[in-house]
Amino acid sequence: MEYDQLQGTIIGGYKLLRVLGSGGNGVVYLARQLAVDRIAACKILHPDLAEGLTAAMTSETYAKMQNRLF
């Protein structure tokens with residue numbers, strides 16, 4: 001998967017604006033949370049890591065967890 005091709009894509013209510021960085025787990029994008037019109041960072045996991053996530057960890061749960069960091 002080419003991560004730069006995701007620029008402009010809307011995923012889970014976030015519009016991916018540009019790549020901020022990448023590493024072993026995935027790529028972090030500068031994004032706009034459309035529902036509240038605010039800037040955020042969104043991590044897109046590498047496909048092989050994403051497959052290992054359980055159904056219990058929904059995107060909403062992940063977003064709440066990430067929000068606590070700020």
Can you name the residue in the stretch 27-40 that is surrounded by 12 or more Cβ atoms within 10 Å (Cβ to Cβ) and small (Gly, Ala, Ser) and, of all such residues, is nearest to residue 7 (Cα to Cα)? 31
Counted residues in the stretch 1-26 being surrounded by 15 or more Cβ atoms within 10 Å (Cβ to Cβ), closer than 20 Å to residue 47 by Cβ, of a type in the set (A, V, I, L, M) and modelled with pLDDT of 90 or more come to 2
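The values are calculated or read from the model by the stated rules, or taken from the named source; none is laboratory data. Computed from a predicted structure; not experimentally measured. Ideal geometry is used to build each Cβ from the backbone, glycine not excepted, and the neighbour counts take in all protein chains shown.
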